[in-house]
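Heads up, the thing below is written out as structure tokens.
The values are calculated or read from the model by the stated rules, or taken from the named source; none is laboratory data. Note that the coordinates shown come from a computational prediction; the quantities given were computed from them, not determined experimentally. In this analysis, Cβ positions are derived from the backbone assuming ideal geometry, glycine residues included, and neighbour counts consider all displayed protein chains.
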Amino acid sequence: MPTTCGPAVGLPWRKQLQTVRRVAGPWLSPRSRFTFDVMTATAKTKTSASAQGVGTPTIWIDGEWCDRSTAMVSVYDHGLLYGDGVFEGIRVYGGKIFRLEEHLDRLYDSAKAIWLSVPMEKSELAATTKEAVRRSGITEAYIRHLLTRGVGDLGLDPRKCPKPSLIIIVDTIKLWPEEVYESGLNVITAGTPIPHRESLSPRVKSLNYLSHIMAKVEGIHAGADEVLMLDSAGAVAEGSGQNVFVVKNGRLSTPPAYAGILKGVTREAVIELATAAGYQVEQTVLNRYDLYTADEAFFTGTASEIVGIRQLDGRVIGTGRSGPVTRDLRARFQTLVRS
Ligand SMILES: Cc1ncc(COP(=O)(O)O)c(C=O)c1O
């Protein structure tokens, strides 16, 4: 009986994966075959970007250019085995990368905080990222950087991973339909708090998103669009992948980064825009009460941009739609990202 990996033994791991995929299908157990089918189906799927004819998802892995069907990682990569790594998500507007430098600064800081070194100078990574966007031909893109501990053994000791792995994916992203930006989101508070800031600091954009995913699933089960996460002391922290702001009497408030939230690049842009537009902005501890009684509340994030909250835990916020300040800041943000 042929083995699934026999023919590939001795080849570099990425070649082994390709060889296994060619020969393994018929002999796999039903369960493994499912996994296999999912892998191949994913590879065959055309993404929205290519379907719209506006470019091709492009992936760079440790110096090699790939597409969705050839981009593969080893099952011994500690990013997969343990979530040992960090990442970034960046948008491209009209072919221009929004705040690349700030995102790369955060990537390098996240890596440093977990004793991981990026195997490339920041300037070189910036140039490779721009090249990936250029090659993709996608002008309204979403870039995902991944830095993993790399290939090791099955123990968690990172010393067994001699070389970190660096990946750049250029594709597209859309979280919600356009109407949501008018109507606002129905949000509930999740029971799952963000991780304690002295455990795995939420300021590290790590590959461990399980708390945020569990919170998101709580929201899905409750029929909500999104969740609000608290910190372990019960103060308002952030959304499942977004920062949060409230507006009261024309004044904006958002939790401070030192409280242990991810310091969002969009959050910073919104603070700058709001300040320049004459709004008062304070970074302060917020309770859910502050959201329940706000005139407006909204989330900010690279993927979601600026999106209003119409309801939290059954309390209607303001008029129950995306409010005037939220819409004003969204318009200013849209001008900024294309300037
Ligand atoms: C947990 C969390 N908070 C906040 C944000 C918003 O950060 P940014 O505006 O940099 O995308 C994100 C987005 O990546 C996130 O995952």
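Looking at VAL265, VAL270, just one residue is in contact with a His (Cβ under 8 Å, 6 or more places away or on another chain) and closer than 22 Å to GLU101 by Cβ, and that residue is VAL265. What about ILE261, is it buried (at least 22 other Cβ atoms within 10 Å of the Cβ), of a type in the set (A, V, I, L, M, F, W, C), within 15 Å of the ligand (Cβ to nearest atom) and not assigned by TED's automatic domain parsing to the domain that holds GLU140? Taking the combined requirement at face value, the residue satisfies it.
No other residue among SER206, SER201, SER304, SER240 is modelled with pLDDT under 95 and not acidic (Asp, Glu) apart from SER201.
Based on this model, can you work out whether ILE317 counts as within 16 Å of the ligand (Cβ to nearest atom) and aliphatic (A, V, I, L, M)? For ILE317, the condition - within 16 Å of the ligand (Cβ to nearest atom) and aliphatic (A, V, I, L, M) - is not met. Can you say whether VAL180 is of a type in the set (A, V, I, L, M) and either more than 14 Å from ILE309 (Cα to Cα) or touching a Phe, Trp or Tyr at 6+ places or on another chain (Cβ under 9 Å) (or both), as far as the supplied structure shows? The answer is no for VAL180.
In region 185-208, the residues that are free of Cβ contacts under 8 Å to residues at least 12 places away in the same chain reach residues that are surrounded by fewer than 19 Cβ atoms within 10 Å (Cβ to Cβ) and polar (S, T, N, Q) with C-beta atoms within less than 8 angstrom, at least six apart or across chains, in these pairs: LEU200/ASN208.
Is it the case that some residue within region 281-304 is assigned to a strand (DSSP E or B), within 17 Å of the chain's Cα centre (by Cα) and not hydrophobic (A, V, I, L, M, F, W, C)? Among the residues of region 281-304, at least one is assigned to a strand (DSSP E or B), within 17 Å of the chain's Cα centre (by Cα) and not hydrophobic (A, V, I, L, M, F, W, C), which makes the answer yes.
In this structure, does THR58 turn out to be of a type in the set (S, T, N, Q), surrounded by fewer than 17 Cβ atoms within 10 Å (Cβ to Cβ) and either more than 16 Å from the ligand (Cβ to nearest atom) or within 24 Å of TYR209 (Cα to Cα) (or both)? So THR58 fails the test.
Scanning region 215-226 turns up at least one residue that is touching a residue at least 40 places away in the same chain (Cβ under 8 Å), buried (at least 19 other Cβ atoms within 10 Å of the Cβ) and more than 30 Å from LEU147 (Cβ to Cβ).
Of all the residues in region 93-108, those that are touching a residue at least 60 places away in the same chain (Cβ under 8 Å) and surrounded by 19 or more Cβ atoms within 10 Å (Cβ to Cβ) number 4. Just one of the listed residues (SER50, SER74) is buried (at least 17 other Cβ atoms within 10 Å of the Cβ), over 14 Å from ILE168 (Cβ atoms), at pLDDT below 95 and among the small types (Gly, Ala, Ser), and it is SER50.
Going residue by residue through region 279-290, is there one that turns out to be within 16 Å of the ligand (Cβ to nearest atom), surrounded by fewer than 22 Cβ atoms within 10 Å (Cβ to Cβ), closer than 30 Å to LEU100 by Cβ and not assigned by TED's automatic domain parsing to the domain that holds ASP105? Yes; the residues of region 279-290 include at least one that is within 16 Å of the ligand (Cβ to nearest atom), surrounded by fewer than 22 Cβ atoms within 10 Å (Cβ to Cβ), closer than 30 Å to LEU100 by Cβ and not assigned by TED's automatic domain parsing to the domain that holds ASP105. Residues considered: GLU272, GLU296, GLU238, GLU268. Of these, the only one that is among the charged types (D, E, K, R), within 13 Å of the ligand (Cβ to nearest atom), crowded, with 23+ Cβ neighbours inside 10 Å and not assigned by TED's automatic domain parsing to the domain that holds ILE90 is GLU238. The strands (runs of 3 or more DSSP E) found wholly in region 206-280 and carrying at least 2 residues that are closer than 27 Å to ARG338 by Cα occupy 236-239, 243-248, 251-254.
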